[in-house]
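Each value in this text was obtained by applying a stated rule to the coordinates, not by laboratory testing. Everything numeric here is computed off the predicted structure, so don't read it as measured data. Here Cβ is always computed from backbone atoms with ideal geometry, including for glycine, and neighbour counts include all displayed protein chains.
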C-alpha cells in the first residue's frame, strides 16, 4: 500500500468485507493493497451476488466507499446501492460553517446557521 512519506513505504493490507445485515455474518471478503476503498463497492457486491446467488440485493456503504462509476456498476449488476451523499465542501477544514452546520426550517423555507442568521 502506498504511503505519502519519503522512502517510508510500508507493506500494508486493506481488508474488504461484506456483511449480511440480517444475521451479521461475513458473506464475502477480499484483501487488497490499495490504500482507499472508493473502487470496492461494485467489486464486493459482485462477490456477494456470486456467493448468495441472488440479484435483488441492497448494497449499503459508508461515504468513502464509492464513486459515481461504482454506483452505476452496482445498478448494472442488479443491486440497489444506498450510500450517503459525498461532502464536497472544504469549509469545515477552513474553520468555516457549511450546510451541515445549519438547520432547515421548513415553515419558513430557510436555513438557520449557528451564528443565528437565516438564509432563504
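Percent relative contact order of the stretch 14-82, based on C-alpha pairs within less than 8 angstrom and at least six residues apart?
Relative contact order comes out at 30 percent.
Calculate how large, on average over all directions, the projected area of the Cα convex hull of the stretch 14-82 is; give the answer in nm² to one decimal.
Computed as one quarter of the Cα hull surface, the answer is 4.3 nm².
Which order results if 26, 60, 80 are arranged by neighbouring Cβ count within 10 Å, fewest first?
Placing the least packed residue first, the sequence is 26, 80, 60.
Rounded to two decimals, what is Rg over Rh for the stretch 56-120 when you use alpha-carbon atoms and the Kirkwood radius?
1.15
Give me the one-decimal nm value for the distance between modelled label points at residue 22 and residue 87, 7 Å along each residue's Cα-to-Cβ direction.
Result for the modelled spin labels: 3.4 nm.
Helix-only mean residue ellipticity at 222 nm, the chain, DSSP H runs n ≥ 4 weighted -39,500 (n - 2.57), per residue, nearest 500. What is it?
-5000 deg cm²/dmol
Computed from these coordinates, which is P(r) over Cα pairs in 5 Å bins from 0, in percent: (i) 2, 12, 24, 26, 20, 12, 3, 0; (ii) 2, 10, 15, 14, 13, 11, 12, 11, 8, 4, 1, 0; (iii) 2, 8, 9, 8, 7, 8, 12, 14, 12, 10, 6, 2, 1?
Answer by label: (ii).
How high is the FRET efficiency from residue 104 to residue 75, r the C-beta distance, R0 30 Å, rounded to 0.05?
0.55
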